Each structure stands twice: as C-alpha cells, then as structure tokens.
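Engineer: Okay, handing you the structure first.
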Amino acid sequence: MIPNEQLRELADKYGSPLYVYDADQIIDNYNRFVSAFDVEQLQVHYACKALTNLSILKLFKEMGSGLDCVSEQEVQLGLHAGFDPKDIIYTPNGVSFDEYRRVLKYKTRITVDNLSLLEKVGVNYPDHPIHIRINPHLMAGGNQKISVGHIDSKFGISIHQLPHILRLVKNLKINVEGIHVHTGSDIIDTDVFIRVADLIFGIADQFDDITSIDLGSGFKIAYKEGDMSTDIEKLGKAFSDRFNAYCKEKNTKITLRFEPGKFMVSNAGHFLTQVNVVKQTTSCTFAGINSGLNHLIRPMFYNAHHHIDNISNQSGEKKLYSIVGNICETDTFADNRLLNEVREGDTLVFRNAGAYCYTMASNYNSRLRPPEVMVLHGRDYLIRERETFQDIIKGQLEAEFSLTPSVGS
Ligand SMILES: Cc1ncc(COP(=O)(O)O)c(C=O)c1O
C-alpha cells in the first residue's frame, strides 16, 4: 500500500495527471492467486491488455508468470520484455489469418476462436499446437459489455458446433493441445467456474491429446467498500478438488491455466489528478480536474465506480461533489461523491486504476497521455514519460496542396 503522503510527493515530483503502480501489491496479488490453487501443473498467464507497460510485464516475468496477448503488438511487447514464446498465449478475437501467420512466426501458443480460422490454421499449420476457444453459452460477468460467453456473444466457437470442430480436427489432423473458455469479467459466483470446468472436461474428453485447459479469467475485485469480490481461496480449493478428481479419474496430468488481468493489477493502480476548478452551480458543486475520459474512460464506458480521495485535505469537512473532466464531452467520473473539502489545486487520487485504465487512454482532444511510475520496495521508477506535442504530430504527413486548381485540370 503506497501511503498518501508518498502519492502526494510523487505528484509533486512528476506532475499530474500521473499513474502510479504499486509493484509490491502486484506481487502479493500474484502470490495469493497461485497459492489458492493446489494442482500439480498450474500456469498463470497474465492478461496483459489490462496494463501493458514493459516494466510491469518484466515484473510478471520475474514472478514466473506467462502472458495472455490479444494482438500481434501485445505479443511483440511480451517478447521485448523477455518472455519465452512458449510462455505467451495469443488469444485474439476476429483478427485476420495474416495476423495469425505473423504471430505464428514467433512460435507462441495460439488460441483459435472461429471455424474458418480453425480450417485455415489446420490446412497451413497442422503441426502447430493450438487451443480452441469454446463459447459455452453461459451468461456470466458483471455487465453486458463484459459478458462474453453467452449465446449472442461474438467470442469463441459455439459449444453446439462441437461436431463440426471434431470433423475438422480429424480430417486435417490438427494438433489440439488445449480447450479455452472465458465467460466474462467481474464474476462473483464461484460455482460458475466449476460449471464451466465440467463443460470443458466433457469437451476435452472428445479429443485425443489435450494437455491443458484454460479457464480464462473473470475474477471480480472490490472497487468500493462493501463490494463483493470473488473469494479466490474458496474458488481455488473447490476448483482444485474438482480438477484433481478429473485428472485422477482419467489417469492424466493436464495443465490448468488461468489468464487473470484485473485481479493482478487493478488495486495496484493509483491515478493522481489535480483540481483545476471548483464550480458551484444552483444544483451541485463540480470539481473539475486536469484529466478526462481520454485518461480514464471506465466510469463513462462501463459506469465503473472508482473510489476517489482528496489527499491534499484529508481532515477537511466532507461535502458532495461531482467530479468532472476537462474534455469537450460530458466526462463525469463521479456524481454526488462525498469528499473532504476540495479546493483548487488539491490532488485527487482515483483508486483501482491499474487495470484497463492507462491501456484504454487516448489522445482525444489532442491532449497528452500521462506518465507512469512504478513503486517497488518504497522506491519509485519512472516507467513511461509524459507525452509531448511531438507525440501528437508523430507520423502525420502534411499534404502539399493548393485550393486553386492548376491550369488544364
Ligand atoms: C480471453 C481473455 N482472458 C483474460 C481476460 C482478463 O480478464 P480480467 O481482466 O477480468 O481478469 C480477458 C478480458 O477481457 C479475456 O478476454
């Protein structure tokens, strides 16, 4: 836990807005997750879409984690951070066969999530071991946008198309090493994972050489006091018992793989911002900060709740504020939030800003993306510089043209 005083010092040192990640918290999260399961072969592949900074990836590598990547560029980042290709699993959705070809050159593990691709990979790379992503038709996950295993979801191959999958695998002699399923994010009910596992065991039984099953992720973490979260120890125990019983019954040793993102990094992130303006209206008091949906879009995109503290006035009287951004859209971070009195210049910190925060940031309104700092054993490391105007114009080509048509045209 980074003390508020240190967060204030970091805001002074690096300026704001600023993302700060507590590496010790990430280490605790990782160790807690791994200790919750009692199986012979467990592999954790951190879902790096949550937070892709190279130093964070290196931290995961040092801890012994693998990586779950959803794009060619995430794979390249993983390789750049030093991951062995066999410890990277590429699990994209809706990408072209050309992208698969490029990733296959790196010899990572791959997951295939549609029949047309299964056929193309089977015809062109019959020996490359693959995972097949199944859509189990189960509704799970915190909200519609993050529920991805239901019947109307674009993810995975329908469980009802299993006969078709089996035909392709047999005819093309495809090397299927694993079955993959990911039903969504923010799943509280531990039974969902057990139900999915039972489905997957049934599917795995129909293939000859399955060496792993991949349950994706979806663990819910608490965003505010009183929030429910997945009881990872309870889940780990129940799941391990079920998994070990299956392995014993089949007399087989398979690897159990998970791809947690949010669980690993969400509570390690702090987003520091400064109050530009306190505006009293007839209906409320706005605290307008030096950031917006361009830096942290989860509240606007998912209605996500991020706990906010005024760390410049911790003993100030509690008052209600609407926290808004400086983007030319309605970018409200929080409505009617009770905060210690907010003054212009105060530093507000958004908690749980580790997952899907910086990675979803943009240059909208041509504003610069903030720097990132990692704190390990009390020491701070700048791990990404604040952008400059040069980053905004990088890659743009100024067309040489005239509005006056040339003679004869
Ligand atoms: C295939 C896959 N694995 C893992 C994850 C990580 O999920 P979470 O951040 O909820 O742990 C996702 C999230 O979208 C995903 O799509």
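Engineer: Scan region 333-390 residue by residue and report those that are of a type in the set (S, T, N, Q) and not in a strand (DSSP E or B).
Structural biologist: Taking region 333-390 and keeping what is of a type in the set (S, T, N, Q), we get 336, 340, 347, 352, 359, 362-363, 365-366, 388, 390.
Of everything in region 333-390, those that are of a type in the set (S, T, N, Q) and not in a strand (DSSP E or B) turn out to be Asn352, Thr359, Ser362, Asn363, Asn365, Ser366, Thr388, Gln390.
Engineer: Scan region 1-17 residue by residue and report those that are assigned to a helix (DSSP H, G or I) and open to solvent by 40 Å² or more (accessible area, probe 1.4 Å).
Structural biologist: Quick first cut of region 1-17, residues assigned to a helix (DSSP H, G or I) only: 4-14.
Glu5, Arg8, Glu9, Asp12, Lys13, Tyr14 - these are the residues of region 1-17 that are assigned to a helix (DSSP H, G or I) and open to solvent by 40 Å² or more (accessible area, probe 1.4 Å).
Engineer: Given the criteria under 22 Å from Leu296 (Cα atoms), touching a helix residue (DSSP H, G or I) at 6+ places or on another chain (Cβ under 7 Å) and at pLDDT 95 or above, does Glu74 qualify? Outline the logic, then answer.
Structural biologist: Numbers: under 22 Å from Leu296 (Cα atoms): yes; touching a helix residue (DSSP H, G or I) at 6+ places or on another chain (Cβ under 7 Å): yes; at pLDDT 95 or above: yes.
For Glu74, the condition - under 22 Å from Leu296 (Cα atoms), touching a helix residue (DSSP H, G or I) at 6+ places or on another chain (Cβ under 7 Å) and at pLDDT 95 or above - is met.
Engineer: Right, something else. Select, from Arg367, Arg379, the only residue that is in contact (Cβ under 8 Å) with a residue 24 or more places away in the chain, open to solvent by 90 Å² or more (accessible area, probe 1.4 Å) and over 24 Å from Ile221 (Cα atoms). Outline the logic, then answer.
Structural biologist: Details: Arg379 fails: in contact (Cβ under 8 Å) with a residue 24 or more places away in the chain.
So the residue among Arg367, Arg379 that is in contact (Cβ under 8 Å) with a residue 24 or more places away in the chain, open to solvent by 90 Å² or more (accessible area, probe 1.4 Å) and over 24 Å from Ile221 (Cα atoms) is Arg367.
Engineer: If the requirement is being at pLDDT 95 or above, more than 21 Å from Ile2 (Cα to Cα) and within 22 Å of the chain's Cα centre (by Cα), which of these qualifies: Asn290, Asn294?
Structural biologist: On the way: Asn290 fails: within 22 Å of the chain's Cα centre (by Cα).
Among Asn290, Asn294, only Asn294 is at pLDDT 95 or above, more than 21 Å from Ile2 (Cα to Cα) and within 22 Å of the chain's Cα centre (by Cα).
Engineer: It is to be established whether one or more residues within region 111-125 are surrounded by 14 or more Cβ atoms within 10 Å (Cβ to Cβ), free of Cβ contacts under 8 Å to residues at least 24 places away in the same chain and part of a helix (DSSP H, G or I).
Structural biologist: There is at least one residue in region 111-125 that is surrounded by 14 or more Cβ atoms within 10 Å (Cβ to Cβ), free of Cβ contacts under 8 Å to residues at least 24 places away in the same chain and part of a helix (DSSP H, G or I).
Engineer: For region 43-79, which positions are more than 13 Å from the ligand (Cβ to nearest atom) and among the charged types (D, E, K, R)?
Structural biologist: Lys58, Lys61, Glu62, Glu72
Engineer: Can you find a residue that is open to solvent by 20 Å² or more (accessible area, probe 1.4 Å), in a helix (DSSP H, G or I), within 16 Å of the ligand (Cβ to nearest atom) and at pLDDT 95 or above anywhere in region 80-91?
Structural biologist: Going through region 80-91, the residues open to solvent by 20 Å² or more (accessible area, probe 1.4 Å) turn out to be 80, 82, 84-87.
From the residues that got through so far, the ones that are in a helix (DSSP H, G or I) too are 80, 85-87.
If we keep only those that are within 16 Å of the ligand (Cβ to nearest atom) too, we end up with 87.
Subset that is at pLDDT 95 or above: 87.
Checking region 80-91: at least one residue is open to solvent by 20 Å² or more (accessible area, probe 1.4 Å), in a helix (DSSP H, G or I), within 16 Å of the ligand (Cβ to nearest atom) and at pLDDT 95 or above.
The values are calculated or read from the model by the stated rules, or taken from the named source; none is laboratory data. Predicted model, so just to flag it, every value in this text is computed and none were measured. Positions of Cβ are backbone-derived with ideal geometry, glycine not excepted, and every protein chain shown enters the neighbour counts. For the accessible areas, the whole protein counts, side chains as well, though only heavy atoms, and no ligand, DNA or RNA atoms are used. Shrake-Rupley method; radii C 1.70, N 1.55, O 1.52, S 1.80 Å.
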